[in-house]
1. Looking only at segment 260-290, count how many residues are farther than 19 Å from residue 159 by Cα and either crowded, with 18+ Cβ neighbours inside 10 Å or not assigned by TED's automatic domain parsing to the domain that holds residue 218 (or both).
2. What are the residues in segment 14-24 that are within 30 Å of the chain's Cα centre (by Cα) and more than 14 Å from residue 58 (Cα to Cα), if any?
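The values are calculated or read from the model by the stated rules, or taken from the named source; none is laboratory data. This is a predicted model, so every value here is computed, not measured. Because the Cβ atoms are built from the backbone with ideal geometry, glycine has one as well, and the counts that use them run over all protein chains shown.
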């Protein structure tokens with residue numbers, strides 16, 4: 001495997017000449033990548049000729065992630081995958097057709113959430129049943145922060161009266177996830193930015209770099225915070241059970257959601273990076289409490305028993 005020397009237009013253009021020569025003369029909509037100290041994130045995606053997207057990497061850790069995505073897209077035969085135009089590991093490059101549309105984050109409030117949940121359940125049911133077609137799989141690589149870290153470092157970012165709630169949520173999360181569920185092939189990072197929607201239709205699911213083995217509920221860990229209330233989660237669960245005959249446990253989804261949401265707020269706060277909605281960790285605690293209420297879960301009561 002040979003990754004690019006750097007993230008420059010010159011390096012990308014040379015890789016295109018070798019892997020997809022028909023695209024080599026197309027204009028490259030290059031965006032300067034922000035400086036990152038961690039080579040894990042030395043990768044980028046760039047629009048080529050307004051019709052294609054090239055993904056590339058210029059470090060070993062980032063290259064392994066992209067090579068894994070190439071392997072996944074070659075092996076999977078399920079709906080909603082981006083169309084691969086060209087791929088190579090020498091030099092390392094993935095080119096897919098550009099999918100017109102908008103991220104789920106941008107359209108969730110305008111969708112019929114039952115219909116949207118049906119489409120997401122279709123994707124998830126096909127993906128989760130695909131492990132036997134892919135070969136040896138690693139665990140899903142993008143694991144949320146542990147509850148021990150949250151107990152130690154998150155309380156300083158919320159109001160004093162919220163700190164016992166955070167601790168009790170962590171206790172509840174540990175209890176719920178104490179016994180692992182059956183492993184399936186999961187996307188691993190199925191947030192709204194990795195879903196492309198056009199009108200009312202899911203067009204593509206992107207970014208399979210972290211796909212691997214985990215329990216099915218792990219793939220829904222971002223859903224409770226997407227769209228109004230918890231309707232997208234409950235709709236997806238309902239359609240998933242109809243399609244597969246398997247139930248997705250709401251408490252396990254929310255346990256993963258606690259670790260994911262608080263972990264996201266923690267690293268952003270410590271790094272002085274604004275939260276995605278430009279609000280505060282105390283406001284996120286209030287949102288989480290509302291999601292538990294909407295789903296008829298009472299982790300505080302369960303944590304006290």
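1. Counting residues in segment 260-290 that are farther than 19 Å from residue 159 by Cα and either crowded, with 18+ Cβ neighbours inside 10 Å or not assigned by TED's automatic domain parsing to the domain that holds residue 218 (or both) gives 1.
2. Once the filter is applied, which keeps residues that are within 30 Å of the chain's Cα centre (by Cα) and more than 14 Å from residue 58 (Cα to Cα), segment 14-24 yields 16, 19, 20, 23.
Okay, residues lined up against (1) farther than 19 Å from residue 79 by Cβ; (2) touching a residue at least 24 places away in the same chain (Cβ under 8 Å); (3) part of a loop (DSSP other than H, G, I, E, B):
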| site | (1), (2), (3) |
| --- | --- |
| 228 | yes, yes, yes |
| 239 | no, yes, no |
| 254 | yes, yes, no |
| 272 | yes, no, yes |
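Yes or no, residue by residue, for (1) under 15 Å from residue 1 (Cβ atoms); (2) in contact with a strand residue (DSSP E or B) (Cβ under 7 Å, 6 or more places away or on another chain); (3) part of a helix (DSSP H, G or I):
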site: 17; (1), (2), (3): no, no, yes
site: 31; (1), (2), (3): no, yes, no
site: 46; (1), (2), (3): no, yes, no
site: 53; (1), (2), (3): no, yes, no
site: 63; (1), (2), (3): yes, yes, yes
site: 66; (1), (2), (3): yes, yes, yes
site: 72; (1), (2), (3): no, no, yes
site: 85; (1), (2), (3): no, yes, no
